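Below is one structure. I have some questions about it.
The values are calculated or read from the model by the stated rules, or taken from the named source; none is laboratory data. Not measured: the values here are computed from a predicted model. Glycine also receives a Cβ, built like all others from the backbone with ideal geometry; neighbour counts cover every protein chain displayed. Side chains included, ligands, DNA and RNA excluded: accessible areas come from the protein's heavy atoms. Shrake-Rupley method; radii C 1.70, N 1.55, O 1.52, S 1.80 Å.
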Amino acid sequence: VPRRVQGLRGVRVARLGSGENHCVAHSAEGRVFPWGLNQHNQCGHGPHVRQQEVPQEIQIDLPQQQQGRRLRAPLVAVGSSHTMGVM
């Protein structure tokens with residue numbers, strides 16, 4: 001049954017990815033919101049967070065410009081126990 005994901009209210013989600021025990025929402029503006037099991041830091045919340053129950057935005061450090069244009073967050077690919085950004 002579809003249901004609203006807490007923590008994403010007001011976020012225009014463009015893409016979703018899911019692994020074995022974690023998910024990632026990627027907004028239309030390029031923001032990244034992972035949640036779920038973070039046992040191997042696959043959500044990017046650091047090794048001190050074991051489980052992230054609601055989506056929480058992570059900051060991705062990118063150069064501000066490349067050849068005069070602003071970069072957005074990378075596309076996000078999610079596997080069974082990893083998350084990867086592709087530029």
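Residue by residue through region 1-45, note down the ones that are of a type in the set (Gly, Ala, Ser) and without any contact (Cβ under 8 Å) to a residue 60 or more places away in the chain. Let's see the steps before the verdict.
Step one: filter region 1-45 for residues of a type in the set (Gly, Ala, Ser), giving 7, 10, 14, 17-19, 25, 27-28, 30, 36, 44.
Gly7, Gly10, Ala14, Ala25, Ser27, Ala28, Gly30, Gly36, Gly44 - these are the residues of region 1-45 that are of a type in the set (Gly, Ala, Ser) and without any contact (Cβ under 8 Å) to a residue 60 or more places away in the chain.
Taking the residues in region 21-44 that are outside any strand (DSSP E or B) and under 10 Å from the mean Cα position of the chain (by Cα) as candidates, determine which candidate is surrounded by the fewest Cβ atoms within 10 Å (Cβ to Cβ). Give the derivation first.
Filtering region 21-44 down to residues outside any strand (DSSP E or B) leaves 21, 28-31, 38-44.
Then keep just the ones that are under 10 Å from the mean Cα position of the chain (by Cα); that gives 30-31, 42-44.
On the way: Gly30: 15, Arg31: 18, Gln42: 22, Cys43: 26, Gly44: 19.
It comes out as Gly30.
Which is out of contact with any strand residue (DSSP E or B) (no Cβ under 9 Å at 6 or more places or on another chain) and of a type in the set (Lys, Arg), of Arg4, Arg12? Lay out the reasoning, then the answer.
On the way: Arg12 fails: out of contact with any strand residue (DSSP E or B) (no Cβ under 9 Å at 6 or more places or on another chain).
Only one candidate passes the filter, namely Arg4.
Return the residues of region 8-20 that are more than 21 Å from His82 (Cβ to Cβ) and surrounded by 15 or more Cβ atoms within 10 Å (Cβ to Cβ); say none if nothing qualifies.
Leu8, Val11
Considering Pro55, Pro47, which residue is part of a loop (DSSP other than H, G, I, E, B) and open to solvent by 20 Å² or more (accessible area, probe 1.4 Å)? Outline the logic, then answer.
On the way: Pro55 fails: open to solvent by 20 Å² or more (accessible area, probe 1.4 Å).
Answer to the check: Pro47.
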